[in-house]
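Quick notes on the structure that follows.
The values are calculated or read from the model by the stated rules, or taken from the named source; none is laboratory data. Keep in mind the model is a prediction, meaning the values are calculated, not measured. FYI the Cβ positions are ideal-geometry reconstructions off the backbone, even for glycines, and counts take in every protein chain you see. Accessible surface is based on the protein model in full, side chains and every heavy atom, while ligands, DNA and RNA are left aside. Shrake-Rupley method; radii C 1.70, N 1.55, O 1.52, S 1.80 Å.
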Amino acid sequence: MPALRIENLKKSYGNVPVLKGINLAVENGDVVAVIGRSGSGKSTMLRCINGLEPFQEGTIEVVGHKLDQSRANLRELRKEVGMVFQSYNLFPHLSVAENITLAPRVVKGLPRDEGSALVREVLSRVGLAEKADAYPDELSGGQQQRVAIARSLAMKPKVMLFDEVTSALDPELTGEVLKTIAQLAEAGMTMVLVTHEMGFARRVATRTVFMHQGTVWEEGKSEEIFTHPKTPELKNFIAPDLK
Amino acid sequence: MIQSFGWQSVQFLFHGLVWTVGLSLCTFVGGGIFGLLFAIARSLGPNWLRALVAGYIQLVQATPLLIVVFLSYYGLSFLGFYFPPLAAAAISLTIYATAFLADIWRGCIEAIPRTQWEAADALALSPFQRLRYVILPQAFQISLGPTVGFMVQIVKNTSVTALIGFVELTRAGQLLNNMTFQPFHVFLTVAAMYFVVCYPLSWWSEKLKERKHAGTAH
Ligand SMILES: Nc1ncnc2c1ncn2[C@@H]1O[C@H](COP(=O)(O)OP(=O)(O)OP(=O)(O)O)[C@@H](O)[C@H]1O
Ligand SMILES: [Mg+2]
């Protein structure tokens, strides 16, 4: 059974169709890069996966939790899906440790005395063990983004979603976040990441999905996609990166 | 009986001040509780409830407070519900404060960026948990300045209840003036007493607003 299965996902804003029947299966341990032009529906697809956007047709299934337009099972599904946003979205009124333990405590009933062990564990995975007591506004963008990844990890998700998580960062901070994601990939985390970092997609992602006009236009092993693109649209899209 | 303005007069006015402060506190507590519920209903409730609360807020904000006071005192007793002046004063001020506080706090709730709501959703928080742990604590911080500022309005506006005979500071001043015929002594003392209560609140409110701009929130 795939970790994530999207079937015939359709979504429109008003009468403008944005996703026109997406089908995608992500196996356990897969790292799927989603690439495509601005406006092709990458973020919308990702946001449908954990129900941040309602959709009109189709189903999303994560480890047996099925989500359709009725939005039943929404919270059950969200417990299994982590999401990291472009703008980090840490809670500014909470310390790093509190950001990390909030959801495990209130959603999963984590006992208070197990909180600090969890904080240590997830912070060490993103290389920020010493920052537990800092507040978000005391951290650099790269550090905030890694805390956001740690916060997501603390819920022990089966699948993690990343939406252009380095685009708000200065180039010199991008590397540390990409390195963290690459380490998660090595550790076997199932991930779907929307990215404009073609080199990174090619190196880290096992599969790459090219979205175009609200559909999965082409998909395959990352190496294949980048070296032997089939459709002219994909060729055009990655042309500058091949040089 | 004519007496002259003296220590006893100050004591008499002070007694009125105590009622002013007491009524203000009741109003703030009552208006605070209903205001919070209304603010939440106004920003998060189903559409019909939002419309209802919005209507309430607009109606009360467009009505002079004195009319609300007259309605609860004369109007309700006309219908057979007699409230003593203290109760009528507390009810009408609470109606008034609820509308304004609900509006202030709704603004604070809605000032929390969409992305914070989404981050809470993505972590599988329930709508109540999202409000309790993510939205309200942040809204609370930005609401402090305007809320304390509104307390000044409450204190000053308790004076309209003098017109239904509730003996708070303003009414006490009126009564004393009738006894002493020394309006300057009386009403300057009354004004000074309002100032002593209101000025620290204004000052505090400004401080809280500055702190928000400095961006140190924790
Ligand atoms: N809230 C909204 N209301 C109306 N249209 C929207 C909304 N959000 C997105 N869209 C439209 O949906 C389409 C897909 O947007 P989406 O954000 O998914 O694209 P994207 O592939 O993530 O692009 P980018 O690379 O710029 O992030 C776009 O045409 C966009 O204008
Ligand atoms: Mg996007």
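Tabulated values for the structure
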{"quantity": "Answer from A:ARG112, A:ARG71, A:ARG78, A:ARG105 - the residue that is more than 14 Å from chain B (Cβ to nearest Cβ) and free of Cβ contacts under 8 Å to residues at least 60 places away in the same chain", "calculated": "A:ARG112"}
{"quantity": "Members of segment A:6-49 found to be within 10 Å of ligand 2 (Cβ to nearest atom) and either within 14 Å of chain B (Cβ to nearest Cβ) or of a type in the set (D, E, K, R) (or both), listed by number", "calculated": "A:LYS42, A:SER43, A:THR44, A:LEU46, A:ARG47"}
{"quantity": "Cβ pairs under 6 Å, 6+ apart, first in segment B:158-180 and free of Cβ contacts under 8 Å to residues at least 12 places away in the same chain, second part of a helix (DSSP H, G or I)", "calculated": "B:ASN177/B:PRO183; B:ASN177/B:VAL186"}
{"quantity": "Subset of segment A:1-40 that is within 15 Å of ligand 1 (Cβ to nearest atom), of a type in the set (Gly, Ala, Ser) and without any contact (Cβ under 8 Å) to a residue 60 or more places away in the chain - its residue that is farthest from A:GLN213 (Cα to Cα)", "calculated": "A:GLY14"}
{"quantity": "Criterion violated by A:MET83 - all others in (1) crowded, with 19+ Cβ neighbours inside 10 Å; (2) part of a helix (DSSP H, G or I) satisfied", "calculated": "(2)"}
{"quantity": "Of the criteria (1) more than 14 Å from every other protein chain (Cβ to nearest Cβ); (2) open to solvent by 60 Å² or more (accessible area, probe 1.4 Å), which one B:TRP105 fails", "calculated": "(2)"}
{"quantity": "Per-region count, segment A:51-73, residues part of a loop (DSSP other than H, G, I, E, B), under 17 Å from A:GLY21 (Cα atoms) and within 16 Å of ligand 1 (Cβ to nearest atom)", "calculated": "5"}
{"quantity": "Selected residue (criterion: nearest to ligand 2 (Cβ to nearest atom)) from residues of segment A:197-243 that are crowded, with 17+ Cβ neighbours inside 10 Å, farther than 22 Å from A:LYS179 by Cα and of a type in the set (A, V, I, L, M, F, W, C)", "calculated": "A:MET211"}
{"quantity": "Residues of segment A:99-123 classified as within 22 Å of the chain's Cα centre (by Cα) and open to solvent by 70 Å² or more (accessible area, probe 1.4 Å), total", "calculated": "2"}
{"quantity": "Qualifying positions in segment A:9-61 - among the polar types (S, T, N, Q) and open to solvent by 10 Å² or more (accessible area, probe 1.4 Å)", "calculated": "A:SER12, A:ASN15, A:ASN23, A:ASN28, A:SER38, A:SER43, A:THR44, A:GLN56, A:THR59"}
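Yes/no matrix, rows are residues, columns are (1) touching a residue at least 40 places away in the same chain (Cβ under 8 Å); (2) within 14 Å of chain B (Cβ to nearest Cβ):
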site	(1), (2)
A:GLN143	no, no
A:ALA148	yes, yes
A:PHE162	yes, yes
A:THR174	no, no
A:THR180	yes, no
A:THR208	yes, no
A:VAL216	yes, no
